[in-house]
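First the structure, in the form of structure tokens, and then the observations on it.
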Amino acid sequence: MALVALVFLAPVILMLLTSFKTSGEVLNPSTIIPHPWSLAGYAKVLKYSEESPMGLWLLNSLLVSTSVTFLVLLFSSMSAFAIARLRVKGAGKIITLIVVSMMIPGQLFLIPVYLILNWLRWLDTPLALIVPATAGGFGVFMLTQFMKSIPPSLEEAAVIDGCGLWRIYWEICLPLVAPAMATLGIFTFIGSWNDFLGPLVYMDSVRSYTLPVGIALYQSSYVSEYSLTLAASALGTAPLIVVFIILQKQIVASMATSGLKD
Amino acid sequence: MRSFGSQRFTSYLFLAPYGLSFLVFIVAPILVALSLAFTQLDLTSRVPSHLVGLDNFSEALHDPYFGQAAVATLRFTILIVPSLIVLAFGLAIGLQAMSFGRNAVRGLIFLPGMFNVVVASLIWRWFYDGEFGLFNFLLKKVGLPHAPWLSDKSWAMPSIVAMSLWWGLGGATIILFAALQQVPTHLYEAAMLDGATSRGLFANITLPQVRPVLLFVVVTSTIGGFQLFGQSFILTSGGPERSTTGLVMLIYDTAFHKYRLGYASAISWLLFAMIAAFVLLQFFGLRRSVD
């Protein structure tokens with residue numbers, strides 16, 4: 001199994017090593033370790049240019065992914081609170097509707113959402129990537145399931161103590177579903193960071209690209225300058241690898257349970 | 001009474017932000033997509049948009065590009081789903097048999113899945129490069145001729161499948177491994193007392209126990225397979241000879257390069273129908289075999 005793990009790891013290591021080769025040495029796969037070590041690929045990628053503002057793309061990606069994660073957590077937990085704890089009228093029907101909507105593949109939404117964003121004048125702005133992403137049903141569905149399992153006695157005590165609904169939501173309900181919120185946050189962040197089709201379609205000018213779209217369109221103009229594209233890839237992946245190393249246990253555990261719940 | 005009324009109002013306030021987003025970006029788009037499919041809306045044409053009935057659908061069924069894209073999509077899905085399931089199951093069993101270092105290996109197997117499709121594909125495009133690629137270099141070293149990894153019609157799709165396996169195996173493995181962990185050990189112990197072989201244990205205990213999770217992985221990977229896009233976009237741009245242009249790429253191209261929004265919407269519904277049919281088939285197929 002250690003050998004198998006190496007098969008999965010090797011491309012990542014080769015990418016990192018090769019990104020430090022000079023553009024001449026990249027064309028020679030017989031050397032694994034760069035000789036000499038060169039930062040030319042990185043320097044070229046990070047140098048600000050009108051055609052490929054890597055730094056700006058990185059900021060765009062960070063802005064979009066953190067906003068999406070924050071809003072999804074907020075909106076989903078508020079709705080789940082209303083559905084699971086306040087039992088608004090028609091709660092069962094709302095959940096059914098949300099779950100049914102989750103079965104529709106994303107591509108179906110591509111064109112109509114494009115038209116709606118165009119109508120809102122949001123195309124080519126970060127709003128186009130942030131707001132539609134809050135409509136997904138996964139978070140509401142998942143948090144509703146978790147909130148249903150909180151014993152009502154906690155809330156009743158809070159009501160007797162004179163707590164309003166907002167305080168019950170914020171101070172009692174949210175802390176109790178914190179692990180589920182963490183899982184949802186991780187999934188949402190990774191999903192948003194890796195989204196490709198959305199920004200490819202909704203973003204028009206080079207300055208508003210997110211990192212994946214930027215790299216994808218950038219590489220087509222440097223087809224075999226692999227030291228450049230690999231350096232760009234390494235930079236684009238670095239934030240996620242850091243997140244992964246810190247939260248590895250949590251990520252793997254939440255992946256594992258996603259298939260086990262009904 | 002008044003406080004009850006205001007509480008009810010507040011509970012709708014909790015629903016409002018998500019509800020609004022759901023209405024604007026889920027419900028409205030479905031209605032728009034539905035009406036678009038029966039409309040001719042070509043942004044480059046002077047003809048104003050108008051209803052055309054089923055014309056978009058009948059055009060798709062006669063369009064050789066649609067046929068090619070449907071075949072490419074099916075080919076990718078049929079190649080990747082069984083290999084993904086078998087390999088992930090094998091890896092999960094391997095993980096379970098490990099006595100130490102299990103978490104590290106599990107993490108490493110999942111690592112590629114964290115990568116963006118663009119980055120994952122770029123790494124492999126460099127591996128597959130005809131002249132400077134690692135794979136052809138290795139082939140040459142053992143005295144074999146160059147392989148046309150991405151440049152030959154019959155090689156390109158399997159090459160994309162291999163890359164997608166590297167990228168996607170981790171998630172499936174982790175889920176199946178978790179399912180294996182949940183099988184109660186006393187079932188195995190009882191069967192072993194009865195003299196069951198290891199093959200018997202696998203067929204009569206392991207498989208039935210993990211079947212619901214297996215179904216989940218089969219269904220989700222099928223849905224993922226039908227949505228092939230990023231890998232083709234980076235590795236082959238849909239070629240050679242459109243052999244790796246899937247339906248999502250056709251929709252993207254039709255809508256945002258040819259600006260035929262109505263026709264592209266009709267294709268999206270056809271893709272949805274194909275996914276739904278496949279998933280229902282698997283659902284009933286795998287479900288029946290449980291009883």
If we count other beta carbons within 10 Å of each Cβ, what is the order of B:H146, B:H62, fewest first? B:H62, B:H146
So how tilted is helix A:2-18 from the main axis of chain A? Cα-based, degrees 0 to 90, rounded to 10. 60 degrees
Given chymotrypsin sites (Phe, Trp or Tyr not before Pro), DSSP loops and at most 12 other Cβ atoms within 10 Å, the longest exposed-site-free stretch of chain A is A:49-262
Quick one: among A:L247, A:L62, A:L211, which has the greatest mean-square fluctuation in a GNM of chain A with alpha-carbon springs under 10 angstrom? A:L247
Cut-off 13 Å between beta-carbons: net charge of the residues surrounding B:P64, Lys and Arg +1, Asp and Glu -1: -2
With the charge dipole of segment B:114-213 built from beta-carbon charges (+1 for Lys and Arg, -1 for Asp and Glu) about the Cα centre, the Cα from B:N204, B:A156, B:P145 projecting farthest to the positive end belongs to B:P145
For the protein assembly as shown, shape from the Cα gyration tensor axes a ≥ b ≥ c, cut at a/c of 1.5 then a/b versus b/c, turns out rounded
Quick check for me: using +1 on Lys/Arg Cβ and -1 on Asp/Glu Cβ, what's the dipole size of the protein assembly as shown about its Cα centre, in debye to the nearest 20? 660 debye
Out of the trypsin sites (Lys or Arg not before Pro) in segment A:105-214, which ones are loop residues according to DSSP with at most 13 other C-beta atoms within 10 Å? A:R121
Low-density loop trypsin sites (Lys or Arg not before Pro), segment A:35-103, at most 12 other Cβ within 10 Å, DSSP non-H/G/I/E/B, are A:K47, A:R87, A:K89
Of the listed links B:K153/B:K258; A:K44/B:K140; A:K93/B:K258; A:K21/B:K140; A:K21/B:K141, those spanning more than 28 angstrom between alpha carbons are A:K44/B:K140; A:K93/B:K258
Highest GNM mean-square fluctuation, chain B, Cα pairs closer than 10 Å: which of B:L139, B:L270, B:L215? B:L139
Quick one: if you stick a label point 7 Å off each Cα along the C-beta vector at B:W155 and B:Y12, how many nm between them? 6.4 nm
Under the rule rounded for a/c under 1.5, else prolate if a/b exceeds b/c, else oblate, using alpha carbon gyration tensor axes a ≥ b ≥ c, chain B is classed as oblate
Give, as ranges by residue number, the residues of segment A:1-36 whose backbone N falls under 12 Å from the point 7 Å along Cα→Cβ of B:K140. A:27-31
Counting other beta carbons within 10 Å of each residue's own, what order do A:D124, B:D152 fall into, fewest first? B:D152, A:D124
Please state, rounded to one decimal and in Å, the Kirkwood hydrodynamic radius that segment B:23-101 gives when every pair of distinct Cα atoms enters the mean of 1/r. 17.1 Å
Roughly how tilted is helix A:107-120, in degrees to the nearest 10 and between 0 and 90, from the longest Cα axis of chain A? 80 degrees
Choice from B:F256, B:F177, B:F226 with maximal GNM fluctuation in chain B (Cα, 10 Å cutoff): B:F256
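Laboratory data are not the source of any read-out in this text; all were calculated from the coordinates shown. What you are looking at is a predicted structure, and each value in this text was computed from that prediction instead of being measured. A quick note on method: Cβ atoms are made from the backbone with ideal geometry, for glycine too, and the neighbour counts reach across all protein chains shown.
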